[in-house]
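The values are calculated or read from the model by the stated rules, or taken from the named source; none is laboratory data. Everything numeric in this text was worked out from a predicted model, so none of it was measured. Heads up, the Cβs are rebuilt from the backbone with ideal geometry, glycines too, and the neighbour counts pull from every protein chain shown.
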Amino acid sequence: MGGWGSGNRWRYGARSTTDDFRRLDIRSLVRAGVLTPGHAGGLQWVQGGETVASIQISATADSLRVSYRHRSGDENWTTENYPIRLVRTLCNFGGSRAWFLCPARGCGRRVAILYGGGVFACRRCYDLAYASSRESPSDRASRRADKLRLKLGWELGILNNAGDKPKWMRWRTFERLVEEHDGYADLSVAHLMQ
């Protein structure tokens, strides 16, 4: 009981997670200037030093045209070429926010992230779960402790030694974060011991 493969993650028929797919995040595309009308460029996904997929993007005012090459394992490269419509919503303090409209047939949902399989589509079209929904209580506590370690500028891993207070941080904030970190680290170890 409780050995490798005993959880839902490896069960036959378990849902895939968002981490298993390539993603197009509109927020990072906006920051990179890719949504500027007339822009043309590309992205690559690399695994183990080898390119496993690439995408060419050209932008217009209300859509992106993507030309996407992908393959799984040793299969031949497959090329997809289609538009992804964009919409904008107004923000409360001015400006606007861009969204993808899911290009999957019959969907059209407004989303910030599209996941790539044969076609880039939303999480619901691929029936994807978030990876955090598959975490054990120990893993969840450890992840939260590591998030605090990043804030504190410490080396990741709950078994590593605590570091010093960052120069710019107030003592009260530092002590609160250390106490919170120690609580998550203790919780993670307690769940591992069970």
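When we screen HIS181, HIS191 for residues that are over 23 Å from the mean Cα position of the chain (by Cα) and either closer than 30 Å to VAL30 by Cα or modelled with pLDDT under 90 (or both), the only hit is HIS191.
Of the residues GLY118, GLY163, GLY106, only one is of a type outside the set (Val, Ile, Thr) and in contact (Cβ under 8 Å) with a residue 24 or more places away in the chain; which?
GLY118
Within the range 123-137, can one find any residue that is more than 30 Å from GLN56 (Cβ to Cβ), of a type in the set (Ser, Thr, Tyr) and outside any helix (DSSP H, G or I)? Yes, there is a match, as at least one residue in the range 123-137 is more than 30 Å from GLN56 (Cβ to Cβ), of a type in the set (Ser, Thr, Tyr) and outside any helix (DSSP H, G or I). Taken together, the residues in the range 103-125 that are within 16 Å of the chain's Cα centre (by Cα) and modelled with pLDDT of 85 or more amount to 10. Considering PHE174, PHE100, the condition of being part of a strand (DSSP E or B) and modelled with pLDDT of 90 or more is satisfied by PHE100 alone.
May I ask you to verify whether ARG22 is modelled with pLDDT under 90, within 20 Å of the chain's Cα centre (by Cα) and assigned by TED's automatic domain parsing to the domain that holds GLY116? Yes: the conditions hold for ARG22. Answer with yes or no whether VAL34 is at pLDDT 85 or above, surrounded by 13 or more Cβ atoms within 10 Å (Cβ to Cβ) and in a loop (DSSP other than H, G, I, E, B). Yes.
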